[in-house]
Number of protein chains: 2
Amino acid sequence: MSEKPEMPEDPKPRRRQARGERRITQLLQAAANVFCANGYTAASTNAIAREAHVSPGTLYQYFPNKEAIAVELGGRLMHEMREAHGQAFTPENLALPLPELLDAVVDPLIAFNCANPVFLALMHGSETPGRIAEEHDALHASLIERVRVLIAHYLPDSPPADCVRVADMAFAVFKGGLHLVLAAPEGPERDATIAELKQVLLRYLDPVIGEGALMAGATAARAVAAADAGLTTSRNP
Amino acid sequence: MSEKPEMPEDPKPRRRQARGERRITQLLQAAANVFCANGYTAASTNAIAREAHVSPGTLYQYFPNKEAIAVELGGRLMHEMREAHGQAFTPENLALPLPELLDAVVDPLIAFNCANPVFLALMHGSETPGRIAEEHDALHASLIERVRVLIAHYLPDSPPADCVRVADMAFAVFKGGLHLVLAAPEGPERDATIAELKQVLLRYLDPVIGEGALMAGATAARAVAAADAGLTTSRNP
DNA sequence: GACAAACACGAGTGATCGCTCGCGTTTCCT
DNA sequence: AGGAAACGCGAGCGATCACTCGTGTTTGTC
């Protein structure tokens with residue numbers, strides 16, 4: 001056999017020292033800055049190394065190529081995001097009235113994207129390598145799925161296609177508003193933008209999920225809900 | 001005087017033949033395809049020339065550099081869009097009830113972006129050269145301004161900051177939904193997505209501009225409008 | 001037909017990018 | 001202490017890119 005005597009677990013079971021781990025996070029931080037400033041394609045590996053105050057050779061000791069940097073960075077961000085957001089869809093939150101439910105779901109997502117603007121920069125560009133786009137699509141799909149389940153929970157007798165469309169639209173609206181939030185300067189202006197985004201989602205979803213809106217500020221909301229539960233996703237006349 | 005005998009109108013009053021004009025549109029069409037497929041930075045001038053079935057030298061006879069291609073393409077798209085959209089904000093449309101007003105404003109924008117997907121690809125990327133970003137910002141600002149004027153028309157006693165925020169949010173929501181519309185396959189699914197996007201905007205803006213919503217499908221909409229015209233942009237409690 | 005100018009070509013140029021390689025330094029283990 | 005391996009360096013390699021240039025072809029004008 002031509003196999004190595006060691007286990008064939010991973011092709012790169014490289015032994016790292018503490019210094020190396022520090023360098024990796026340092027390089028990923030630098031890469032985040034450069035990706036955020038110039039986008040993926042325009043970001044050069046030499047620029048990343050310079051930003052991290054190391055030589056190009058050092059960079060390539062920890063990453064086999066440029067794509068691997070983005071993949072590792074994207075992977076860590078995904079993991080962080082799943083953690084920060086995983087507790088948003090717990091059953092107890094799912095029983096909350098709509099405004100509180102929106103807070104519980106939207107606030108962690110906004111906070112994460114404010115703290116890691118590179119996430120949107122990496123995921124949004126069509127220039128990103130295919131590997132990342134796949135992971136992002138998976139994360140995106142899992143988020144959409146959770147929203148869809150939540151919608152379906154309030155609309156058990158609605159055709160699945162309608163639930164999917166509502167979930168997709170709610171998420172797309174959120175993403176559009178998220179860009180506005182990130183563009184606003186930190187402080188009261190950003191807070192007001194966040195409140196306005198929640199207002200959009202509230203007014204869109206309130207008639208849809210109906211009975212969860214008892215605490216809504218608009219006193220007439222219940223009238224809308226009571227009027228007709230059949231026009232939920234509104235087939236055009 | 002060291003001036004040329006001809007008028008100093010433009011530094012490049014190059015005399016073009018019909019063949020040249022055809023080549024220019026042909027090259028811009030090819031550039032649109034390549035930009036749309038790969039983004040601006042990843043699109044090579046050689047690839048554009050190849051797509052147009054001409055040599056790189058021919059390309060550079062009509063455009064001084066790569067950026068000029070994008071600028072000219074962007075400029076033509078801008079012009080086309082201003083024309084297609086200019087008739088959406090005429091005073092007669094401004095007097096329409098909200099659903100029809102929404103149709104009048106949203107439909108041309110969606111149709112344009114469906115017909116010219118390169119527009120979003122060029123304008124949206126942060127990789128685009130500064131020249132285009134400026135023009136896009138100008139167009140963006142003029143659209144927002146029109147929306148703001150429209151909002152302010154319905155809320156004459158509201159602080160200007162609130163009108164701006166509502167206009168910004170409405171436009172951001174539209175952009176988010178637009179991506180969803182473009183991602184949907186042409187046909188009934190896309191139409192349903194468009195209808196859903198209008199539903200979002202309708203439900204968001206209906207309580208804001210109030211009295212214009214008489215023809216809304218929700219019969220209780222007037223109750224919301226009558227309830228209180230002061231919570232329009234909703235200061236959070 | 002003859003001349004000039006616009007058009008078309010494609011190999012080639014300099015710059016930049018992703019990435020490598022050889023060699024010196026630091027850290028860990030015994 | 002001493003050896004092995006991880007760490008760190010930066011000049012430099014091949015590839016690719018935006019762009020040029022010398023040359024040949026087509027078009028408009030007289």
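A few notes on this one:
- Taking all C-alpha pairs of the range A:16-63, those more than 18 Å from each other amount to 22 percent.
- Volume per residue of the convex hull around the Cα atoms, evaluated for the range B:79-217, comes out as 110 Å³.
- With its label point defined 7 Å out from Cα along the Cα-to-Cβ axis, B:P188 lies at 5.2 nm from the matching points of the other copies, in increasing order.
- Residues A:F35, B:F119, arranged from fewest to most other Cβ atoms within 10 angstrom of their Cβ, appear as B:F119, A:F35.
- Fewest-first sequence of A:E127, B:E134 by Cβ atoms within 10 Å of each Cβ: B:E134, A:E127
- Shape of the range A:67-134, Cα gyration tensor, a/c cut at 1.5: prolate
- Average partner coverage of A:124-133, which counts Cβ from other chains inside 10 Å: 3
- Relative exposure of A:D137, A:D206, judged by other C-beta atoms within 10 Å (fewest first): A:D137, A:D206
- Whole-Å distance, taken between Cα centres, linking the range B:85-120 and the range B:156-214: 12 Å
- Taking all C-alpha pairs of the range B:72-111, those more than 14 Å from each other amount to 47 percent.
- Diffusion constant of the range A:91-167 at 25 °C, which comes from Stokes-Einstein with the Kirkwood Cα-pair radius and 0.890 mPa s, µm²/s: 172 µm²/s
- Computed over the range B:135-209: relative contact order in percent, which uses C-alpha pairs under 8 Å that are six or more apart: 28 percent
- Here is how far apart the B:R131 label points are across copies: 3.6 nm, shortest first, using a point 7 Å from Cα toward Cβ.
- Note on the range B:1-141: the alpha carbon radius of gyration divided by the globular reference 2.2 N^0.38 Å gives 1.28.
Where a number appears in this text, it was derived from the coordinates with a stated rule and is not lab data. These figures come from a predicted structure and were not determined experimentally. Virtual Cβ from ideal backbone geometry, glycine too; neighbours counted across all protein chains shown.
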